[in-house]
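Data first, discussion second: the structure below is written as structure tokens.
The values are calculated or read from the model by the stated rules, or taken from the named source; none is laboratory data. All figures in this text were calculated on a predicted structure; none of them were measured in a lab. Cβ: placed from backbone, ideal geometry, glycine included. Neighbour counts: every protein chain shown. With ligands, DNA and RNA removed, areas are computed over all heavy atoms of the protein, side chains included. Shrake-Rupley method; radii C 1.70, N 1.55, O 1.52, S 1.80 Å.
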Amino acid sequence: MNIYDVSNKAGVSIATVSRVMNGNPNVSDATRKKVLTVMQELGYTPNIFARGLGLNTMQTIGIMCTDSSDMYLANAVYYTEHELRSHGYDSILCCTGDNLENKKQSLNLLLSKRVDALILVGSKFLEAKHKDNAYIFSAAEKVPIMLINGYLEGENIYCTICDDYRAVYQITHALLSSGRKKLLYLYTSNSYSGLQKKNGFLSALRDYHILPDEQFLQICPKGIYEAKEIVASLYQQGYTFDGVVTSDDFLAVGALKYALEHHILVPKELSIVGYNNSILATCAEPELTSIDTKVEALCVNTVNSLMRIFEGNDVPACTTISANIIYRMTTELNPL
């Protein structure tokens, strides 16, 4: 018998049961009475030595990411695990790949280990079809689900996201304001985060009454040489541009490599902007202007929110953190 059984029988969320157990005043008398009655009926007695969600806690959090070799996701997992340890929690990591069935199997595996919560790192766990997210909603009936830079509305689901839309809008707007006329956008996916970035780019174009040419919106694998080949192909087809905005530093480095090999002056003739402010941005020569998504802040906020949930406190369903534009040598822009 555990808190999940109490939650299901009382028809309230796990967080509400936790609030009742912790004496939180933000619960109506009627709800409190209903939960206490169910606890009595089920013979559920919280273990005073167990933290947060109560009986038989494993002090362990499940973490899922699609690709641990991805620089951004690897950093996010590192910061998340580090913050969990500081609160006395262990973690179990599953790297799922992009296949939906593998994601479901990994989630079920973690639940079978009786983890106290699940943290999904990155927005690639959110499927375009609502029904394909059913496995996440189902898991949220059992444990809190925390999303790092992904957004999904649902009971017992909590999101911490970077304002990707605003960041790409601002840098694109700045490039256009500086006199750039034709901008190429390179991106890696149509995930939630990927779409936010792309929409930020398109919104800035619309503000300048520019109709985007589909050739200037290029999706490509996250690889330096793949991005370089796409840039080369466009030039070979006769397309020209004076700025490249990307959804990842890998793509920006690919564009930079092409420019340097073909004696295109950066940033005088071609401005290039990366994303994530990874080590690639400072290893590149010239160093890349890039967008810092504050991955550490995203992870710390996620874990701190989870700890507050365990304590029975109210937590916003979604927290948004602003990104920073780090201006370097691949643009001629000045910080505002």
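Looking at TYR239, TYR258, can you tell me which residue is modelled with pLDDT of 95 or more, over 20 Å from the mean Cα position of the chain (by Cα), more than 20 Å from SER189 (Cβ to Cβ) and hydroxyl-bearing (Ser, Thr, Tyr)?
On the way: TYR239 fails: modelled with pLDDT of 95 or more.
Result of the check over TYR239, TYR258: TYR258.
How about segment 165-182: which of its residues are in contact (Cβ under 8 Å) with a residue 60 or more places away in the chain and in a helix (DSSP H, G or I)?
Result: ARG166, ALA167, VAL168, GLN170, ILE171, THR172, ALA174, LEU175.
Within segment 305-336, which residues are open to solvent by 60 Å² or more (accessible area, probe 1.4 Å) and in a helix (DSSP H, G or I)?
ARG308
Please determine, by comparing only the residues of segment 209-220 that are of a type in the set (A, V, I, L, M, F, W, C) and open to solvent by 60 Å² or more (accessible area, probe 1.4 Å), which one is nearest to VAL300 (Cα to Cα). Don't jump to the end; show me each part of the working.
Residues of segment 209-220 of a type in the set (A, V, I, L, M, F, W, C): 210-211, 216-217, 219-220.
From what is left, the residues that are open to solvent by 60 Å² or more (accessible area, probe 1.4 Å) are 211, 219.
Working: LEU211: 40, ILE219: 31 Å.
For segment 209-220, the residue satisfying everything is ILE219.
Restricting to segment 111-132, count the residues that are surrounded by fewer than 22 Cβ atoms within 10 Å (Cβ to Cβ) and out of contact with any Phe, Trp or Tyr (no Cβ under 8 Å at 6 or more places or on another chain).
Qualifying residue count, segment 111-132: 10.
Just give me the residues in segment 97-123 being of a type in the set (Val, Ile, Thr) and modelled with pLDDT of 95 or more, in sequence order.
Initially, segment 97-123 is screened for residues of a type in the set (Val, Ile, Thr), giving 115, 119, 121.
Passing the criteria: ILE119, VAL121.
Condition check ((1) modelled with pLDDT of 95 or more; (2) open to solvent by 40 Å² or more (accessible area, probe 1.4 Å); (3) charged (D, E, K, R); (4) over 15 Å from ILE325 (Cβ atoms)) across all residues:
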{"residue": "ILE161", "(1), (2), (3), (4)": "yes, no, no, yes"}
{"residue": "ASP164", "(1), (2), (3), (4)": "yes, no, yes, no"}
{"residue": "VAL168", "(1), (2), (3), (4)": "yes, no, no, no"}
{"residue": "THR172", "(1), (2), (3), (4)": "yes, no, no, no"}
{"residue": "TYR185", "(1), (2), (3), (4)": "yes, no, no, yes"}
{"residue": "SER191", "(1), (2), (3), (4)": "no, no, no, yes"}
{"residue": "LYS197", "(1), (2), (3), (4)": "yes, no, yes, no"}
{"residue": "GLY200", "(1), (2), (3), (4)": "yes, no, no, no"}
{"residue": "ASP207", "(1), (2), (3), (4)": "yes, yes, yes, yes"}
